[in-house]
Amino acid sequence: MDLGLGGKKALVTGSSRGLGFSTAHQLAREGCDIVINSRDRKNLNAAEQEISADSSAKIFPVVEDVTQIEKANEIVNKANDLLGGLDILITNTGGPPTGSIDNLDDQTWQMAVELSFMSHMRLIRAALPYLKTSYAASVLTITSMSVKQPVPNLLLSNSIRGATIGLTKTLALELGSEGIRFNTILPGFIRTERVLDLLAQRAEANSTTVDQEIAKQSSQSPLGRIGVPQEFANVATFLVSPAASYLTGGVFLVDGGMYKATY
Ligand SMILES: NC(=O)c1ccc[n+]([C@@H]2O[C@H](COP(=O)([O-])OP(=O)(O)OC[C@H]3O[C@@H](n4cnc5c(N)ncnc54)[C@H](OP(=O)(O)O)[C@@H]3O)[C@@H](O)[C@H]2O)c1
C-alpha cells in the first residue's frame, strides 16, 4: 500500500531517541522531509545522521525544549520555514518522573503539566495556521496507556495525560471541517530508554534484575513480550499518512494487548 507520504512535511518533537526517533525515521523512509527536535544537540545531530544515512529525505534538527513557553512557536515557525510548509505534526516529549502523592511537590506537578499537556497544546496551537493550508493535514499526540489503566508509580502520568486526550478529541471534532485530522496513540511498554529506566527503578525497589522486571511486564501481554519502537512507528506513520484519511478523533493503544478491559 502506498501511504501517500512522499514529499510531505513533518515536525516530530522529542525525536532524538525512542518512539519519536523511530517514527521520524520511518516517515523519512516513506519520503517525508522532517524537522526533528530534542534538547540535546549532540544526540539530535546523531539522530539526523542516522536517518539521513537511510533515506534521501531532508532532515533538519531543531534543538529546543518544548516545555519553554515561547519555544513552541519558535519550533513550529522554524519547521515551517525549513520545510516550506507543514502537513504533519507529531507532539512527543519525555515522560514525567515517577513518585507518589507524599513525595511529589507542587513544582514537580507544574512541570509535569508543562511537559505532558501544555507542550502538546502550544505546539498544536502554533501549527494550526500552517496545517490549515495543507491538503493532508494531520496531528498525532503521543500519550500513554496510563490514561486507560494507571501504571504503578507513575502518578503524574496517570493524572495528567488524560488532558491531552481531551484536547486531541475536541480538536478532531472542531477542526475536521478544516481538513485537519487529530489522533492519539497510547503506548504500553515499548523498549526505549524511558521504559528501561522505569524497569530499572522497579528492579531496585523489588531487589530483582531489569531482565526479571522485563519478564514480569512481558507476561502482562498476550503476545508475551514488550514492544520494539519500530512496531510503534509503523502505527504512527500510518495514522498521519493520507492512507488513514478517514481516521480522526481516534485513541489507539499500541500495547501488545496489555490493557485488559473490553473498551
Ligand atoms: N516507551 C513506552 O513504552 C511508553 C509508554 C507509555 C508512554 N510513553 C511516553 O511516550 C513518550 C516517548 O517515550 P519514549 O519511551 O520514546 O521516551 P524517551 O526514550 O525518554 O525519549 C524522549 C525523547 O524526547 C526528548 N525530550 C524529552 N524532553 C524534552 C523536552 N522538554 N523538549 C524536547 N524534547 C524532549 C528526548 O531527548 P532529550 O532528553 O535529549 O531532550 C528524547 O528524544 C514519553 O512521554 C513517554 O513517557 C512511552
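The values are calculated or read from the model by the stated rules, or taken from the named source; none is laboratory data. Since the model is a prediction, treat every value here as computed from it, not as a measurement. Neighbour counts are summed over all protein chains in view; Cβ atoms, including those assigned to glycine, are modelled from backbone coordinates with ideal geometry.
Looking only at residues in the stretch 216-228 that are of a type in the set (Gly, Ala, Ser) and on the phi < 0 side of the Ramachandran plot, which one is surrounded by the fewest Cβ atoms within 10 Å (Cβ to Cβ)?
To start, the set of residues in the stretch 216-228 that are of a type in the set (Gly, Ala, Ser) comprises 218-219, 221, 224, 227.
Subsequent filtering for residues that are on the phi < 0 side of the Ramachandran plot retains 218-219, 221, 227.
Details: Ser218: 16, Ser219: 11, Ser221: 17, Gly227: 22.
Applying the filter and picking the extreme gives Ser219.
Quick grid of which residues meet (1) β-branched (Val, Ile, Thr); (2) more than 17 Å from Phe182 (Cβ to Cβ):
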{"site": "Gly94", "(1), (2)": "no, yes"}
{"site": "Ile101", "(1), (2)": "yes, yes"}
{"site": "Asp105", "(1), (2)": "no, yes"}
{"site": "Met111", "(1), (2)": "no, yes"}
{"site": "Ser119", "(1), (2)": "no, no"}
{"site": "Tyr130", "(1), (2)": "no, no"}
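Looking at Glu204, Glu231, Glu213, which is the one that is acidic (Asp, Glu) and buried (at least 19 other Cβ atoms within 10 Å of the Cβ)?
Details: Glu204 fails: buried (at least 19 other Cβ atoms within 10 Å of the Cβ); Glu231 fails: buried (at least 19 other Cβ atoms within 10 Å of the Cβ).
Answer to the selection: Glu213.
Show me the helices (runs of 4 or more DSSP H) entirely contained within the stretch 89-192 in which 3 or more residues are surrounded by fewer than 21 Cβ atoms within 10 Å (Cβ to Cβ).
Numbers: elements: 106-113, 119-131, 155-160, 162-175.
Once the helices (runs of 4 or more DSSP H) in the stretch 89-192 are filtered for at least 3 residues that are surrounded by fewer than 21 Cβ atoms within 10 Å (Cβ to Cβ), what remains is 106-113, 119-131, 162-175.
Do any residues in the stretch 87-115 that are in the same structural domain as Asn153 (by TED's automatic domain parsing) and in contact (Cβ under 8 Å) with a residue 12 or more places away in the chain have Cβ atoms under 8 Å from those of residues that are more than 10 Å from the ligand (Cβ to nearest atom) and among the charged types (D, E, K, R), where the two are at least six apart or on different chains, and which pairs are they?
Asp87/Lys8; Asp87/Lys9; Ile88/Lys8; Ile88/Lys9
Tell me the residue from Ala10, Ala112 that is away from the ligand (no atom under 11 Å from the Cβ) and at pLDDT 95 or above, please.
Values: Ala112 fails: away from the ligand (no atom under 11 Å from the Cβ).
Sole residue among the options that is away from the ligand (no atom under 11 Å from the Cβ) and at pLDDT 95 or above: Ala10.
In the list Thr248, Thr237, which residue meets the criterion of being in contact (Cβ under 8 Å) with a residue 40 or more places away in the chain, outside any loop (DSSP other than H, G, I, E, B) and of a type outside the set (A, V, I, L, M)?
Numbers: Thr248 fails: outside any loop (DSSP other than H, G, I, E, B).
Result of the check over Thr248, Thr237: Thr237.
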